[in-house]
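Working notes, structure below.
Here, each number is a calculation from the coordinates, and none is a lab measurement. What you are looking at is a predicted structure, and each value in this text was computed from that prediction instead of being measured. Heads up, the Cβs are rebuilt from the backbone with ideal geometry, glycines too, and the neighbour counts pull from every protein chain shown.
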Amino acid sequence: MRDIESSAAINSIIDALLVPAGAPGIFGRTEIFERTIEGLNRLITDRRESGAEVFTFPPVMSRSLLETAGYLKSFPHLLGCVSCLSGDEPHIRGLVEKADWVDALGATDLVLTPAACYPIYPLVAARGVMRNAGRSFDVSSYCFRRESTHEAGRLQSFRMREHVCIGTPELALQFRQRWITRAEAIAQELALPYQVAPASDPFFGRMGKLMAMSQVEQALKFEMLIPVLSREQPTACMSFNYHLEHFSEIWDLRTEDGALAHTTCVAFGLERLALALFATHGITIANWPATTRAALGL
Ligand code: AMP
Ligand code: ZN
């Protein structure tokens, strides 16, 4: 394994793989980077549990669905909302000719999707009582988060692949545990150094600190940490989340016995995983370990 000595190392890797696109945390992807992401996607598809329903969601979603999901309580600081100009042609022409045209923007019914799993709960709820408890879903989306810092690997726009289970508490927890084991096997196959550690979400404000502490106490979130920036402070590349009845209460998701379902989601941050591969094995794919290349079909 290569030595990740400093953030200078990852910055030169990023320069070779991602092209700055005029705003912090926003990059174009090179072909070699995209081929790696494709390999990761294939590998994750290959490990999918049988019977999973597969959906790809767009990078925007319904604002009212995200409001209902409680996102504004927990993460208002990360949200991006789609704003547009409206009116007839003379009105819009008049607006865009002014330097302060931005002030005329109005919020629309769309927000930028902040995590791939948000659209799945209302979609399943709309089908009524689940006949088949323990259903699983494989969802993916470009995600947006208005991050306040922009160190390597912290993007504003990135792709997330998630496996979601909606079922009884036992089935939901077993699903998460199976995926932790599976994710460890994936990291080993890719020859990536990793550790799985308790974690919390970046909840907003002072109340948020309490929510984060309670999340750790209840062991609701774990992350797989892999060196990207440095060995000492590895980066969260996957997360394993147990929401208890949070989403089921909101959307009235019930199993066949009438009880509220429990939900779990397992998230793969595709750009971070790709960066971890390059940080660990170097910029030249031909020099990567054979097991890593075979797993990714590269
Ligand atoms: P989370 O919902 O915060 O657990 O995020 C799921 C996964 O998405 C994380 O484990 C990361 O791999 C990835 N991720 C989250 N935020 C970012 C970001 N700002 N830039 C790149 N990847 C991210
Ligand atoms: Zn999720």
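If the chain between LEU105 and SER214 were fully stretched, how many nm would it gain, using 0.36 nm times the residue separation less the Cα-Cα distance?
Using 0.36 nm per residue and subtracting the Cα-Cα distance, I get 35.4 nm.
Once the Cα gyration tensor of segment 151-298 is found, what semi-axes does its equivalent ellipsoid get, as square roots of 5 times the eigenvalues, in whole Å, sorted largest first?
Equivalent-ellipsoid dimensions as semi-axes: 31, 19, 12 Å.
With labels modelled as points extended 7 Å from the Cα through the Cβ direction, what inter-label distance (nm, one decimal) is found for THR45 paired with GLU170?
So the label points at THR45 and GLU170 sit 3.4 nm apart.
Between ILE283 and GLU151, what is the label-point separation in nm under the 7 Å Cα-to-beta-carbon projection?
2.2 nm
Ordered by packing density, taken as the mean number of other Cβ atoms within 10 Å over each peptide's residues, highest first, how do 85-93, 236-244 rank?
Ranked by mean Cβ neighbours within 10 Å, highest first: 236-244, 85-93.
Once you list every other residue whose beta carbon is under 12 Å from the beta carbon of GLU34, what net charge do they have if Lys and Arg are +1 and Asp and Glu are -1?
Within the 12 Å Cβ shell, the charges total 0.
Given the rule -39500 (n - 2.57) for each run of at least 4 DSSP H residues, summed and divided by the residues of the chain, what is its mean residue ellipticity at 222 nm, to the nearest 500 deg cm²/dmol?
-11000 deg cm²/dmol
Want the number for ALA259 to GLN233: 0.36 nm per residue separation, take away the alpha-carbon distance, what's left?
Additional length available on full extension: 5.2 nm.
Kirkwood Rh, segment 162-222, all Cα pairs: how many Å?
13.4 Å
Across the chain, what fraction of all alpha-carbon pairs, as a whole percent, falls in each successive 10 Å bin from zero upward?
Calculated over all Cα pairs of the chain, the distribution is 6, 25, 33, 23, 11, 3, 0 percent.
Divide the volume of the convex hull of the Cα atoms of segment 225-288 by its number of residues and quote the answer in cubic angstrom per residue.
115 Å³
Give me the distance in nm between label points sitting 7 Å out from Cα along the Cα-to-Cβ direction at ALA126 and THR68, one decimal.
Between ALA126 and THR68, the label points sit 0.9 nm apart.
Among MET130, MET160, MET213, MET224, rank each residue by its count of other Cβ atoms within 10 Å, from fewest to most, as a rough exposure measure.
Ranked by crowding around the Cβ, least crowded first: MET213, MET130, MET160, MET224.
Starting with the highest mean, order 117-125, 19-27, 74-82 by the number of other Cβ atoms within 10 Å, averaged over the residues of each peptide.
Ranked from most to least packed, the peptides come out as 117-125, 74-82, 19-27.
Rounded to the nearest 0.05, what FRET efficiency do GLU189 and SER12 have when you use their Cβ-Cβ distance and R0 = 25 Å?
My answer for the efficiency is 0.40.
What are the equivalent ellipsoid semi-axes of segment 36-168, built from the alpha-carbon gyration tensor (square roots of five times its eigenvalues), in whole angstrom, biggest first?
Ellipsoid half-lengths, sorted descending, are 34, 19, 14 Å.
What number do you get for segment 7-52 when its Cα radius of gyration is normalised by 2.2 N^0.38 Å, N = residues?
Against the empirical 2.2 N^0.38 Å value, I get 1.54 for segment 7-52.
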